Amino acid sequence: MHKLLTDSPGTEMLLLGNEAIARGALEAGLAFATCYPGTPSSEIPEQFFAISKETDLYFEYSTNEKVAMEVAAGAAISGLRTMVTMKHVGLNVAADPLMTLAYTGVEAGMVIVNADDPYLFSSQNEQDNRYYARLSSLPMLEPTNTQEMKDWTKAAFELSEELKLPVILRTTTRLAHVRGGVKLGELQPRKVKTTFKKDPFHYVCVPAVSRELHKLLLRKYDQAVEKSENSPMNEIIGNGPWGIVANGVSVNYVMDAVSDLGIEDKVSILKLGFSYPMPRDLCVRFMEPLEKVLVVEELEPVVEHELKTIAQETGLTLEIKGKGVGELSRLFEYNPGMVRKGIAEYFEIDYKAPLPVDTSDFPALPGRPPNLCAGCPHRATFYAVKQVYGTDAIHPTDIGCYTLGLLPPLSMGDLVICMGSSVSSSCGFSRATDQKVASFIGDSTFFHSGITGLVNAVHNNHKFTLVIMDNGTTAMTGHQPHPGVEPETTGLDLPKVSVEDVVRGCGVKDVHVVRPYNLKKTIEAVRASMEYDGLSVIVSKEYCPLFARRIGKARKARPFYVNLDKCKNHRDCINLLACPAMFLEGEQVHIDKNLCIGCTVCAQVCPENAIMPLKG
Amino acid sequence: MGINIIITGVGGQGNVLAAKLLATAGLEAGWEVTVGDVFGLTQRGGSVASHVRLFKGYLLPPLIPCRSLDILVAFEPLEALRILTQFGRETTRAIINDQPVWPIGVQAGRFQYPEAQELHSAIENLTSKTAFINATRVAKELGNIQVLNMVMLGALYGSGWIPLSPRTFESIIQSSTSSQLRGLNIKAFRRGLKLKGSNLHI
């Protein structure tokens, strides 16, 4: 049995923040869940995927976040308790349904989990999605620890059902990936089937209907304000003259700093858990007796600006500051030291921050940058394309492990902005310049948002080569399935949608399917596509080696070694491929047999044929 | 009252699981616990650090403040120094598996791995007590490098620096690790425990 199905209320369990959210949903009787995976949200749907195999919970990996949101909306409007999870940039993709789903509202509880990524641990930007609550007028909850992540998820379902609105639960990387104790509650039974009640004047958003629905949304917003005013998730702690307002993980940093600085008697802390709509009256009551207020919030000065507005409207003249105090800025994530320093500086407390270690006498510490794994088929594909296209071509790339192809020596990557942009931006590059264009996209990303760009390329007659790197899984986020995976790898009887069929179906005439470990044939296909006067697609198919090992399909190949009698030290292997299985000892390249998976690519690159399989 | 522990290593060495098991042990012994895992875009081959905080009273944030580390458990010496330059203080104690894992830049000859002597003296500068051990060898002797994390945790329990019982920990290994490795994990943990007094200079 899955550990999150443990039916013993009161037991304390060590859970990852994301597991706590999944448990909270189960305690709320979740019946239906969808997602597109994305760090740091992916561990939530991983739980549902496993649990759906042993219960009647419905779960699916949808093709992208917009689809996931709409699938979930259908279920929630029909009357099932529903959750959809995504990372912050995923909500951009799902923003279209989000905005109008706020008008229609939902019948049963629907919780949208949104995971922000301050400091961009694994994202292309660090946008602050608290603005989406404001943009859509939907309520937002921001838990501050693992227990609240569970409890407030359950509360979010109840709130959603009371207001008949989707509720956004916002986490950040630091919370999604924290582990902490969680006291379990009772598991509620699931209602897994329902009947949809037709109500076109609520659900069919033509202008005449939506004009009324917008009024309805504003009425619901007013109700949400009432709930926020009275919610235990918004809490005033202490009654000193100095005010501190915080949300999310920052609440912990503030509590820690206040205790460490010994100013418990001097401060009043407003913890904003039900953070949108802001509890306006509570904020006024909080600020009225204070001398001044410091807002501790990561990323944008959202609460700071709203407090200033509230103060102006109510004639309060106290000082309110946040960004710009000490090191508190709009950049990156906060940490305990930064918050301590900010509080000390703002309230003029004598505090000496520990000095950084003097490292001038220390040896330089080489970093451990991310790198494609030993034997990664992407390396072979990049190498082949580079051999044909040289260095002047433009290589738009996309989001996935293969983004790492931008690092030397491969240096294959000229633009990454968002999922699917490799295909559409190639249309622009190839029209605007006379340079050759060969772009890269992964299989999961292709299904997510590459197809519409490809149809555009066919219809508008754009000329470039798109390389679809099909490794049979969504590797980057932890090997989740997508529509193109082999059914046997998921343990589910779901039909496979073939990448090649989709490409041909879009109207692409020049299509090549290659196995990238065969360099000669791959290079031939790349050359043919470059010479083709039109749009070409190369599907480069090879399992992600880590995934292959996990599903018992690892290559049964012997590792390779460098034959020192033959090696003349050209170093093409290490200089052109830089596989992590290779290392230099003195001046000589060797291969670590524990890392080598026997992909044979370096053996094909070596001009002396000095790289050979180990015997026995 | 609390203890700040960082378990660090190179992605793939099993340090995240080690942190999770240690935190479970803390929780079962009645401590409040938070664990914050710090890693970047890649989990395999990158620097990984888990901040494990055991404490009594209110909940502590998932990150340890700069220069506030009590105990470091490092699966790799370069990672040990990387953590200590940020979190080390006069009272920090460390258990370090003294077996370098070369970063890709060193493998390719673009950077130098620090000399052992330099690395050790920098580490000792930032700690009050340091035990350099060879847990990799023990794991290899047991026939599976995957149990390195259990040897390291054994050495931590053996040091007597944490108020947790090795016996309870064995039951956590029983209930929380994969059935194929369970037996070997316990053996590895016990070998780690005994490292005290031989080449563990605590």
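The values are calculated or read from the model by the stated rules, or taken from the named source; none is laboratory data. Everything numeric in this text was worked out from a predicted model, so none of it was measured. Cβ coordinates were reconstructed from backbone atoms using ideal geometry, including for glycine residues, and neighbour counts include every protein chain displayed.
Considering only residues that are among the β-branched types (Val, Ile, Thr) and at the interface with chain A (Cβ under 9 Å from one of its Cβ atoms), look in region B:14-36 and name the one that is surrounded by the fewest Cβ atoms within 10 Å (Cβ to Cβ).
So in region B:14-36, the residues among the β-branched types (Val, Ile, Thr) come out as B:16, B:24, B:33-35.
Then keep just the ones that are at the interface with chain A (Cβ under 9 Å from one of its Cβ atoms); that gives B:24, B:33-35.
Details: B:24: 21, B:33: 24, B:34: 25, B:35: 26.
Once the filter is applied, the top-ranked residue is B:24.
When each of A:70, A:60 is tested for being part of a helix (DSSP H, G or I) and within 23 Å of residue A:450 (Cβ to Cβ), the lone residue that passes is A:70.
Quick one: which of A:484, A:472, A:534 is of a type outside the set (D, E, K, R), under 28 Å from the mean Cα position of the chain (by Cα) and over 19 Å from residue A:420 (Cβ atoms)?
Values: A:484 fails: over 19 Å from residue A:420 (Cβ atoms); A:534 fails: under 28 Å from the mean Cα position of the chain (by Cα).
Going through A:484, A:472, A:534 in turn, the sole match is A:472.
Among the residues of region A:539-553, those that are more than 14 Å from chain B (Cβ to nearest Cβ), crowded, with 16+ Cβ neighbours inside 10 Å and outside any strand (DSSP E or B) comprise A:542, A:543, A:548, A:551.
What number of residues within region A:312-337 satisfy the criterion of being within 12 Å of chain B (Cβ to nearest Cβ) and either part of a helix (DSSP H, G or I) or among the small types (Gly, Ala, Ser) (or both)? Final tally of qualifying residues: 2. Close contacts from region A:1-15, counting a first residue that is part of a loop (DSSP other than H, G, I, E, B) and a second that is surrounded by 15 or more Cβ atoms within 10 Å (Cβ to Cβ), with Cβ to Cβ under 6 Å and a gap of 6+ residues or different chains, come to A:2/A:50; A:2/A:51; A:7/A:187; A:9/A:184; A:9/A:185; A:11/A:184. Would you pick out the residues in region A:556-602 that are assigned to a loop (DSSP other than H, G, I, E, B), within 13 Å of another protein chain (Cβ to nearest Cβ) and acidic (Asp, Glu)? Within region A:556-602, A:587, A:592 meet the criteria. Count of region B:77-104 residues, restricted to those that are among the charged types (D, E, K, R) and buried (at least 24 other Cβ atoms within 10 Å of the Cβ), is 1. Figure legend. Inter-residue proximity from region A:228-241: first residues under 12 Å from residue A:273 (Cβ atoms), second residues in a loop (DSSP other than H, G, I, E, B) and among the small types (Gly, Ala, Ser), beta-carbon distance below 7 Å, spacing 6+ or different chains. Indicated pairs: A:233/A:273; A:234/A:273.
Table: residues versus (1) touching a residue at least 12 places away in the same chain (Cβ under 8 Å); (2) within 22 Å of residue A:20 (Cα to Cα); (3) out of contact with any helix residue (DSSP H, G or I) (no Cβ under 6 Å at 6 or more places or on another chain).
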site	(1), (2), (3)
A:55	yes, yes, yes
A:63	yes, no, no
A:66	yes, no, no
A:74	no, no, yes
A:78	yes, no, yes
A:82	yes, yes, no
A:88	yes, yes, yes
A:92	yes, no, yes
A:97	yes, no, no
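The listed residues are A:424, A:449, A:444, and the only one of them that is at pLDDT 95 or above and touching a strand residue (DSSP E or B) at 6+ places or on another chain (Cβ under 8 Å) turns out to be A:444.
In region A:99-121, the residue that is nearest to residue A:149 (Cα to Cα) out of those that are in a loop (DSSP other than H, G, I, E, B) and either within 14 Å of chain B (Cβ to nearest Cβ) or of a type in the set (Asp, Glu) (or both) is A:117. Cβ-Cβ contacts under 6 Å between residues 6 or more apart (or on different chains), taken from a first residue in region B:37-64 that is more than 9 Å from chain A (Cβ to nearest Cβ) and farther than 12 Å from residue B:12 by Cα to a second residue that is at pLDDT below 85 and crowded, with 21+ Cβ neighbours inside 10 Å, are listed as B:53/B:60.
Assess whether residue A:527 counts as being free of Cβ contacts under 8 Å to residues at least 60 places away in the same chain and under 27 Å from residue A:598 (Cα atoms). Spell out how you get there, then give the answer.
Working: free of Cβ contacts under 8 Å to residues at least 60 places away in the same chain: no; under 27 Å from residue A:598 (Cα atoms): yes.
No; evaluated as a whole, the condition is false for this residue.
Set side by side, the residues A:69, A:99, A:13, A:83 differ, and just one is more than 27 Å from residue A:473 (Cβ to Cβ) and in contact with a strand residue (DSSP E or B) (Cβ under 7 Å, 6 or more places away or on another chain), which is A:13. Meeting the requirement of 3 or more residues that are β-branched (Val, Ile, Thr), the strands (runs of 3 or more DSSP E) wholly within region A:403-514 are A:465-470, A:510-514.
A quick yes/no check of all residues on (1) at the interface with chain B (Cβ under 8 Å from one of its Cβ atoms); (2) not in a loop (DSSP other than H, G, I, E, B):
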| site | (1), (2) |
| --- | --- |
| A:339 | no, yes |
| A:348 | no, no |
| A:352 | no, no |
| A:363 | yes, no |
| A:373 | yes, no |
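With a requirement of 3 or more residues that are surrounded by fewer than 18 Cβ atoms within 10 Å (Cβ to Cβ), the strands (runs of 3 or more DSSP E) lying completely within region A:157-248 that satisfy it span A:234-237.
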